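> To start, I am sharing the structure in question, which I have written as structure tokens.
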Amino acid sequence: MCFQISILNSQFQILMSFDTFLNLFAASILTAGLYATMSYGLALIYGVMKLTNLSHAGVLMLAAYGTYWLNTLGISPYLAPFIVVPLWFGIGIVWQHTLVKRIMLMPPIASLLFFFGIWLIMQNFAYLVFKSDIRSITNEATLLTYKLGPLVLSQNRLIVFFAGITALVSLQLFLTRTYQGRAIRALAADAEAARLSGIDTDRISALAFGLGIALAAFAGCLMALIFAFDPEFGRSHLLKSFCIVVLGGLESFVGVALGAIMLALAENFSIQFMPAALQDMVSFVLLVIVLLTIPNGLMSLLKGKK
Amino acid sequence: MLLDCKNLTKRFGGLIAVNDVSFNVARGEIFGLMGPNGAGKTTLFRLISGVYPPSSGTVIFNGKNITGFKPSAACASGVVSTHQIVRPFREMTVFDNVRVGAEFGRKDPKHNVTEVVNEILTFTGLAPQTHVVAKNLTLPSRKRLEVARALAANPDLLLLDEVGAGLNPTETSGMMDLIRQIRERSVTIIMVEHVMKAIMGVSDRIMVLNYGQQIALGTPAEVAQDPQVIEAYLGKQFAK
Amino acid sequence: MKNRKNLYVLGGIALLAIIPLIAKTIDNGYLQTLTFFVMMFVSMSVAWNIIGGYAGQISFGHGTFWGLGAFTTAIFAIRTGLPAWLAMPIGGLVAMLYGMSWGYPTLRLRGPYFAIATIGIGEATRLIMLNLDQLLKNSPLDWLVKDKPFTGGASGLILPSPNDFQANQLLLFYICLGFMILTIAISAWINNSRFGLALRAVNMDQEAAETLGVSASRYKVLALMVSAFLVGVAGSLYAQYVLFIDAREVFSFSNSIAMVLMPTVGGIGTLWGPALGALVFKVADDRLSSARFMLGGMQINLGDVNLMLYGLLLVLIILFEPGGVLGLLKRLRKK
């Protein structure tokens, strides 16, 4: 964090030292790990069920609050995911079986409005319980940094990065090595074919939805370690997730990782040229540019070259 | 030649759905397209009607290169397709469904839209259901609506994707009669059909695809005796 | 039948037109202000419905157009010294062009691109408007902020006050009435026209519509432009009525939420549903926002749980009555 502050002072200074460049680059990679985790939750649900889960933003936010609340009870924020994530996985499964199953049969407009409604409820819940103050978790580890040559790395960001990567790798293993995982992928590729080959689509959809929500919750827990948040938290990250998914394409794991790195780089380096207050705009501008130039995402460029 | 497709290829990622297919269709012809499931028939239709751009190859229609045209532009040139799974505008009446084709397809300046719609509803036998909301139609009527709507767009070339699927024999033969009558209106037709008897009976020529490749092209009688076709449909042991 | 409907419409207009005359005697003019806002929200709801209902492209960011209309008007009035109402079409135009700039890339594609982008646009625009003065300083456009603020940042903009405040409010009331009638007329025209047929076809099945010759993206962008223009004009009216605006407030998410909610409550994609929804929403909001009730010994202000109520309303409508109030009425009448 400390290097970002020094940059703020020289808003319009375009030249940067090599050290700054290196630090920005490292920070981008670390952020990308978190971004990829967060986006994969959205991509999984869209890929398998063709639903745009707007309540993604609410799950991120409430998971962050969950971590915060557990912290006030004396439970370490590093352990909070072990409680918060399974809880959200369960909520996801229940949702799918009760409400979302019905929504899937309706036109897309209905699912957008439905999830938007759920998100509003979540936001208001947070306002009621936690009020509108900006919260953050600080402990002795928050400011701990490691020096590695010219690099200054914050411990929490490193933890977040590795936790995110671990989650994604295990998910990838699950999707490729287990029956359920392969069934999820089959469902995403062709729902009709999956049904015909005897996959219990209801159960597998529920699993995918639960996993998508759980991933969002995990990302939310991680965010609580490094960001400040309020009930509005999550909206800009919903857009970021979507931007990454559009950049990377829905079907590919590598694509999401690439998209996450692109967005993180764009965000971190743009602070060099514009006020930090506008940072949340970067994802929006990037999204519009990508849609104008490469609407099929980065992977289409790679594939096109062959 | 009304339609001339040269070396059409479509890849999806690593999968080749249509592989180097060339053929042409004469004006006024009924051209059948056959092949097992996943042979690339629907994909080929979508390349011609512009839903997908081909990975390589060209589509020449009426002497004009329409390769990679958007569906709406292909429609304006005179190529209209129906959909394998019927896709009526569910909440619209039958009349409005057909009106979409008449309003946005190739306009025939001699007739006004309402006249065109009513004429086509009568022609396809849908006149009694004019004001029924599309989602309440029975399957045979929906299939007819799919055809009627496409016909309202005033095509030179009509791509019919399994308009007989799911129909009983009587309904199927009714549909084949309708297709013959459409030809009388000087509309050229390419049709995909699974009901072997139906497609053999109505087509002038037939092309057979398997794994995205053309394996036979000729009159129904020629195609029926082609060993490769027999193999593709019935398995190796039946082929000579 | 048709005659009776026309009679209702004319009666409604006449009723609205006499409200300023009786408002003073009833409650010191509050009714006039409330009616002004109801009419403004009816216009916004009906305008949103053109892209959200007819074309089926949900926008969660229409508040942006409203805010731009308001700011354009304020800046115009402050900078030119001309009467603010002259800026109404300009406000609409600015909103329309802004909508086009990001609507075109997102509407060109099938899928939720547009809807998601609209979630970001409000936030992005608010950030720009809050920081614009800061950004312009020391830039080639420095002259814009040299002697007076451009957007005013967090402290907002005050419009020049009219000579006769009362007369101005009255004038605005009738302009707003006329504007509402115009908006509903445009919506009705679209509903019955070839344009509306294209939008509904694209909404129900874009691919099928395209194979029949409908150029989907063109019509969707056109629908967004009309919608954004009208909402921009509504924003302009707002700025003239309240005479003070700031970016934090006019670009707040709540207006965007309202514009999603009102048509959905009334009956999305219909002509009169959005108008009905706006009436219900605005009147209920006015009556209930100060209400409070006890829950388990805790006093809860209804204003504190309004998002929850909105969210619940959306979820319930989607699950049980996607046709909204209008759909419900129709179903009851059939029985």
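> Could you check the stretch C:40-54 and list, in sequence order, the residues that are farther than 13 Å from C:T118 by Cβ and within 14 Å of chain A (Cβ to nearest Cβ)?
Selection gives C:N49, C:G53, C:Y54.
> Going through the stretch C:101-133 one residue at a time, which ones are at pLDDT 85 or above and outside any helix (DSSP H, G or I)?
Within the stretch C:101-133, C:R108, C:P112 qualify.
> Looking at C:L279, C:L313, C:L302, can you tell me which residue is away from every other protein chain (no Cβ under 14 Å) and in contact with a helix residue (DSSP H, G or I) (Cβ under 7 Å, 6 or more places away or on another chain)?
The match here is C:L279.
> One residue is enough: does the stretch C:177-190 have a residue meeting the conditions part of a helix (DSSP H, G or I), over 18 Å from C:L271 (Cβ atoms) and more than 14 Å from chain B (Cβ to nearest Cβ)?
Yes, some residue in the stretch C:177-190 is part of a helix (DSSP H, G or I), over 18 Å from C:L271 (Cβ atoms) and more than 14 Å from chain B (Cβ to nearest Cβ).
> Something else now. If you take the residues of the stretch A:224-244 that are within 12 Å of chain C (Cβ to nearest Cβ) and among the charged types (D, E, K, R), which of them is most open to solvent (accessible area, probe 1.4 Å)?
Among those that are within 12 Å of chain C (Cβ to nearest Cβ) and among the charged types (D, E, K, R), it is A:E232.
> Which number in (1) under 17 Å from the mean Cα position of the chain (by Cα); (2) in the same structural domain as B:G40 (by TED's automatic domain parsing); (3) assigned to a helix (DSSP H, G or I) marks the one condition that B:I230 misses?
With respect to (1) under 17 Å from the mean Cα position of the chain (by Cα); (2) in the same structural domain as B:G40 (by TED's automatic domain parsing); (3) assigned to a helix (DSSP H, G or I), B:I230 is out only on (1).
> Of everything in the stretch B:102-128 that's away from chain C (no Cβ under 12 Å) and under 20 Å from the mean Cα position of the chain (by Cα), which residue is surrounded by the fewest Cβ atoms within 10 Å (Cβ to Cβ)?
Applying the filter and picking the extreme gives B:G125.
> Sort through C:A17, C:A23 and tell me the only one that's in contact with a helix residue (DSSP H, G or I) (Cβ under 9 Å, 6 or more places away or on another chain), free of Cβ contacts under 8 Å to residues at least 24 places away in the same chain, farther than 30 Å from C:A115 by Cβ and part of a helix (DSSP H, G or I).
Being in contact with a helix residue (DSSP H, G or I) (Cβ under 9 Å, 6 or more places away or on another chain), free of Cβ contacts under 8 Å to residues at least 24 places away in the same chain, farther than 30 Å from C:A115 by Cβ and part of a helix (DSSP H, G or I) holds for just one of C:A17, C:A23, which is C:A23.
> Moving on to the next point. If C:A258 meets every condition in (1) facing chain A (nearest Cβ under 10 Å); (2) hydrophobic (A, V, I, L, M, F, W, C); (3) open to solvent by less than 30 Å² (accessible area, probe 1.4 Å) apart from one, which number is that one?
(1)
> Mind checking which pairs have a first residue in the stretch A:16-42 that is surrounded by fewer than 22 Cβ atoms within 10 Å (Cβ to Cβ) and a second that is modelled with pLDDT under 90 and polar (S, T, N, Q), Cβ under 6 Å, 6 or more apart or different chains?
Cβ pairs passing all conditions: A:L24/A:N268; A:S28/A:N268.
> Given the residues A:P108, A:P86, which is the only one that is open to solvent by 10 Å² or more (accessible area, probe 1.4 Å) and within 21 Å of the chain's Cα centre (by Cα)?
Going through A:P108, A:P86 in turn, just one is open to solvent by 10 Å² or more (accessible area, probe 1.4 Å) and within 21 Å of the chain's Cα centre (by Cα): A:P86.
> Out of the residues in the stretch C:98-130 that are basic (K, R) and over 15 Å from C:W66 (Cα atoms), state the one that is farthest from the other protein chains (Cβ to nearest Cβ).
If we take residues in the stretch C:98-130 being basic (K, R) and over 15 Å from C:W66 (Cα atoms), then C:R110 is farthest from the other protein chains (Cβ to nearest Cβ).
> Can you find a residue that is in contact (Cβ under 8 Å) with a residue 60 or more places away in the chain, surrounded by fewer than 17 Cβ atoms within 10 Å (Cβ to Cβ) and of a type in the set (A, V, I, L, M, F, W, C) anywhere in the stretch A:164-185?
Within the stretch A:164-185 (the criterion being in contact (Cβ under 8 Å) with a residue 60 or more places away in the chain, surrounded by fewer than 17 Cβ atoms within 10 Å (Cβ to Cβ) and of a type in the set (A, V, I, L, M, F, W, C)), the answer is yes, since at least one residue qualifies.
> Being surrounded by fewer than 23 Cβ atoms within 10 Å (Cβ to Cβ), touching a residue at least 12 places away in the same chain (Cβ under 8 Å) and out of contact with any Leu (no Cβ under 7 Å at 6 or more places or on another chain) is the filter here; which residues of the stretch B:62-82 pass it?
Across the stretch B:62-82, the qualifying residues are B:K64, B:I66, B:T67, B:G68, B:F69, B:K70, B:S72, B:A73, B:A76, B:S77.
> Now, a different point. Can you tell which of B:L217, B:L209 is crowded, with 21+ Cβ neighbours inside 10 Å, outside any helix (DSSP H, G or I) and not assigned by TED's automatic domain parsing to the domain that holds B:E115?
After ruling out the rest, the residue left standing is B:L209.
> Would you please name the residue that is farthest from the other protein chains (Cβ to nearest Cβ), looking only at residues in the stretch A:91-134 that are among the hydroxyl-bearing types (S, T, Y) and part of a helix (DSSP H, G or I)?
Among those residues, the one meeting the criterion is A:T98.
> Which of the residues spanning the stretch C:199-236 are at the interface with chain B (Cβ under 7 Å from one of its Cβ atoms) and of a type in the set (V, I, T)?
Passing the criteria: C:T211, C:V214.
> Against the condition open to solvent by less than 50 Å² (accessible area, probe 1.4 Å), touching a Gly at 6+ places or on another chain (Cβ under 9 Å), more than 30 Å from A:Q96 (Cβ to Cβ) and more than 12 Å from chain A (Cβ to nearest Cβ), how does C:L271 come out, does it pass?
No; evaluated as a whole, the condition is false for this residue.
> If you don't mind, another one. Going through A:A277, A:A257 one at a time, which residue ends up being within 11 Å of another protein chain (Cβ to nearest Cβ), in a helix (DSSP H, G or I), among the small types (G, A, S) and surrounded by fewer than 22 Cβ atoms within 10 Å (Cβ to Cβ)?
Exactly one residue qualifies, and that residue is A:A277.
> What's the number of the only condition in (1) open to solvent by 50 Å² or more (accessible area, probe 1.4 Å); (2) within 23 Å of C:G323 (Cα to Cα) that C:R4 fails to meet?
(2)
> I'd like the full set of residues that are more than 18 Å from C:F251 (Cβ to Cβ) and open to solvent by 40 Å² or more (accessible area, probe 1.4 Å), limited to the stretch C:89-110.
Listed by number, the residues that qualify are C:P89, C:I90, C:L93, C:M100, C:Y104, C:R108, C:R110.
Table: residues versus (1) open to solvent by less than 10 Å² (accessible area, probe 1.4 Å); (2) in a helix (DSSP H, G or I); (3) touching a Phe, Trp or Tyr at 6+ places or on another chain (Cβ under 6 Å); (4) without any contact (Cβ under 8 Å) to a residue 12 or more places away in the chain.
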{"site": "C:L31", "(1), (2), (3), (4)": "no, yes, no, no"}
{"site": "C:M40", "(1), (2), (3), (4)": "yes, yes, no, no"}
{"site": "C:G56", "(1), (2), (3), (4)": "no, no, no, no"}
{"site": "C:S59", "(1), (2), (3), (4)": "yes, no, no, no"}
{"site": "C:G67", "(1), (2), (3), (4)": "yes, yes, yes, no"}
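> Same structure, new question: Looking only at the stretch B:79-101, how many residues end up being at the interface with chain C (Cβ under 10 Å from one of its Cβ atoms) and assigned to a loop (DSSP other than H, G, I, E, B)?
Count: 9.
The values are calculated or read from the model by the stated rules, or taken from the named source; none is laboratory data. Keep in mind that what you see is a predicted model, and the values were worked out from it rather than measured. We place every Cβ from the backbone using ideal geometry, glycine too, and count neighbours over all the protein chains shown. Accessible surface areas use protein heavy atoms only, side chains included; no ligands, DNA or RNA. Shrake-Rupley method; radii C 1.70, N 1.55, O 1.52, S 1.80 Å.
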